[in-house]
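Worksheet for the structure shown next.
The values are calculated or read from the model by the stated rules, or taken from the named source; none is laboratory data. The structure displayed is predicted, hence computed values, not measured ones. Positions of Cβ are generated from backbone atoms using ideal geometry, with glycine treated the same way; all protein chains shown enter the neighbour counts.
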Amino acid sequence: MSDTGLRGPRFVLIMYASLVAVAGVAGFLIATFVDRLEPPAYLFLIEFPPTQLGLAAYGALTIATVLGVPLALIVFVSRRFDDERTA
């Protein structure tokens, strides 16, 4: 079996970046093909313009936050939690 280097943290990081990129492309395509869009508000605070670039940024930033916060919490807990103390 060959080692492709896509194990553990590297795989998760590549998957995370890929999903963020897909969300950005989806936002761009939505703004391209849908008319009369209302401006989306990131976290209900920051409005993005309903343009191709605005919706691409909104989609990428939203997915980065929705996936990144739980992922960061998992990394934080996994580095602080000691398996040997619970056994």
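The table below gives the values:
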read-out	value
Region 26-57, residues that are surrounded by 13 or more Cβ atoms within 10 Å (Cβ to Cβ) and assigned to a helix (DSSP H, G or I)	A26, G27, F28, L29, I30, A31, Q52, L53, G54, L55, A56, A57
Contacts under 8 angstrom Cβ, first residue in region 14-27 being in contact (Cβ under 8 Å) with a residue 60 or more places away in the chain, partner in a helix (DSSP H, G or I), 6 or more apart	none
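For every residue, the table says whether it meets (1) among the acidic types (D, E); (2) at pLDDT 90 or above; (3) touching a helix residue (DSSP H, G or I) at 6+ places or on another chain (Cβ under 8 Å).
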{"position": "F48", "(1), (2), (3)": "no, yes, yes"}
{"position": "T65", "(1), (2), (3)": "no, yes, no"}
{"position": "L71", "(1), (2), (3)": "no, yes, yes"}
{"position": "F81", "(1), (2), (3)": "no, no, no"}
